[in-house]
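Structure record follows, encoded as structure tokens.
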Amino acid sequence: MSVTVPPEVEVERRGRLAAFVSFLKKELGCELDLHGNFDDRLRLQKYVFLADRYGLKSGYEFSMYVRGPYSPKLAEDYYKPLEVETSLPIDFRSQDFIKLVAGKDPKWLEIAATAISVYEYNLVKGINREEITELVTKIKPWAKDYIKEVIDELVKANLIKLP
């Protein structure tokens, strides 16, 4: 069953995305080539996913894909011209977001977004550091030696809360 989104909601979501892309350029010096560069599209997907945890309220839904959490609607929107910017939410903790992602490469972003997704999916039944590490390692075996370090950063940033 397909859900129809009212046009004004879509305009607001796209305007917020345009404002967020401008924010990334201004605050991180991040020039994204969303039509020609796969890593830039991956970075934007992960930036939006992570920024939502800091109050961005992007309006995009994410599901787990090969490269971590992914939003088809976000991909659809960034292929269209992003002309009209709205403002970012007043409660978006932009400096905390910047502190987390500044200088991070696409692999770090992919691992971090995947770890948070695994954590949030399993939160109701309870999950510990070892279980998160094990599940993310199964999804991303190429990152085995790097996952614990990323999880430590996410715990320190309070995006993963462990007992």
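The values are calculated or read from the model by the stated rules, or taken from the named source; none is laboratory data. Everything numeric in this text was worked out from a predicted model, so none of it was measured. Don't worry about glycine lacking a Cβ; one is built from the backbone with ideal geometry, like all the others, and counts go over all protein chains shown.
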query = Mind checking which residues of the stretch 92-102 are surrounded by 15 or more Cβ atoms within 10 Å (Cβ to Cβ) and assigned to a helix (DSSP H, G or I)?
reply = S94, D96, F97, I98, L100, V101
request  = Go through (1) in contact with a strand residue (DSSP E or B) (Cβ under 8 Å, 6 or more places away or on another chain); (2) buried (at least 20 other Cβ atoms within 10 Å of the Cβ) one by one and return the number of the condition R14 breaks.
outcome  = (1)
Cross-chain or 6+ apart pairs with Cβ under 6 Å, the stretch 18-47 first and at pLDDT below 95, then among the hydroxyl-bearing types (S, T, Y) and in a helix (DSSP H, G or I) = L34/Y78
note = Restricting the stretch 17-43 to residues that are crowded, with 19+ Cβ neighbours inside 10 Å and touching a helix residue (DSSP H, G or I) at 6+ places or on another chain (Cβ under 6 Å), the one nearest to T86 (Cα to Cα) turns out to be L17
message = If I filter the stretch 50-67 for residues that are in contact with a helix residue (DSSP H, G or I) (Cβ under 9 Å, 6 or more places away or on another chain), basic (K, R), modelled with pLDDT of 95 or more and within 18 Å of S22 (Cα to Cα), do I get at least one hit?
response = yes
remark   = Per the filter on the stretch 54-83, residues among the basic types (K, R) and closer than 18 Å to P106 by Cα are R67
query = Of all residues in the stretch 107-139, how many are modelled with pLDDT of 95 or more and either among the small types (G, A, S) or touching an Asp or Glu at 6+ places or on another chain (Cβ under 8 Å) (or both)?
reply = 4
task = Spot the failing condition for V118; the list is (1) more than 15 Å from F49 (Cα to Cα); (2) under 17 Å from the mean Cα position of the chain (by Cα); (3) buried (at least 17 other Cβ atoms within 10 Å of the Cβ), and only one is missed.
result = (1)
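Yes/no per residue for (1) among the basic types (K, R); (2) under 12 Å from the mean Cα position of the chain (by Cα); (3) assigned to a helix (DSSP H, G or I):
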residue: C30; (1), (2), (3): no, no, no
residue: D33; (1), (2), (3): no, no, no
residue: G36; (1), (2), (3): no, no, no
residue: R41; (1), (2), (3): yes, yes, yes
residue: V48; (1), (2), (3): no, yes, yes
residue: P69; (1), (2), (3): no, yes, no
residue: L74; (1), (2), (3): no, yes, yes
task = Identify the single condition in (1) farther than 21 Å from L154 by Cβ; (2) assigned to a helix (DSSP H, G or I) that E110 does not satisfy, given that it satisfies every other one.
result = (1)
inquiry  = Here are the criteria: (1) out of contact with any helix residue (DSSP H, G or I) (no Cβ under 9 Å at 6 or more places or on another chain); (2) part of a loop (DSSP other than H, G, I, E, B); (3) of a type in the set (A, V, I, L, M); (4) at pLDDT below 95. Tell me which single one V11 does not satisfy.
reply    = (2)
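Yes/no matrix, rows are residues, columns are (1) within 30 Å of K26 (Cβ to Cβ); (2) buried (at least 20 other Cβ atoms within 10 Å of the Cβ); (3) in contact (Cβ under 8 Å) with a residue 60 or more places away in the chain:
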{"site": "Y78", "(1), (2), (3)": "yes, yes, yes"}
{"site": "I90", "(1), (2), (3)": "yes, no, no"}
{"site": "K104", "(1), (2), (3)": "yes, no, no"}
{"site": "E110", "(1), (2), (3)": "yes, yes, yes"}
{"site": "T114", "(1), (2), (3)": "yes, yes, no"}
{"site": "T133", "(1), (2), (3)": "no, no, no"}
{"site": "P141", "(1), (2), (3)": "no, no, no"}
{"site": "K144", "(1), (2), (3)": "no, no, no"}
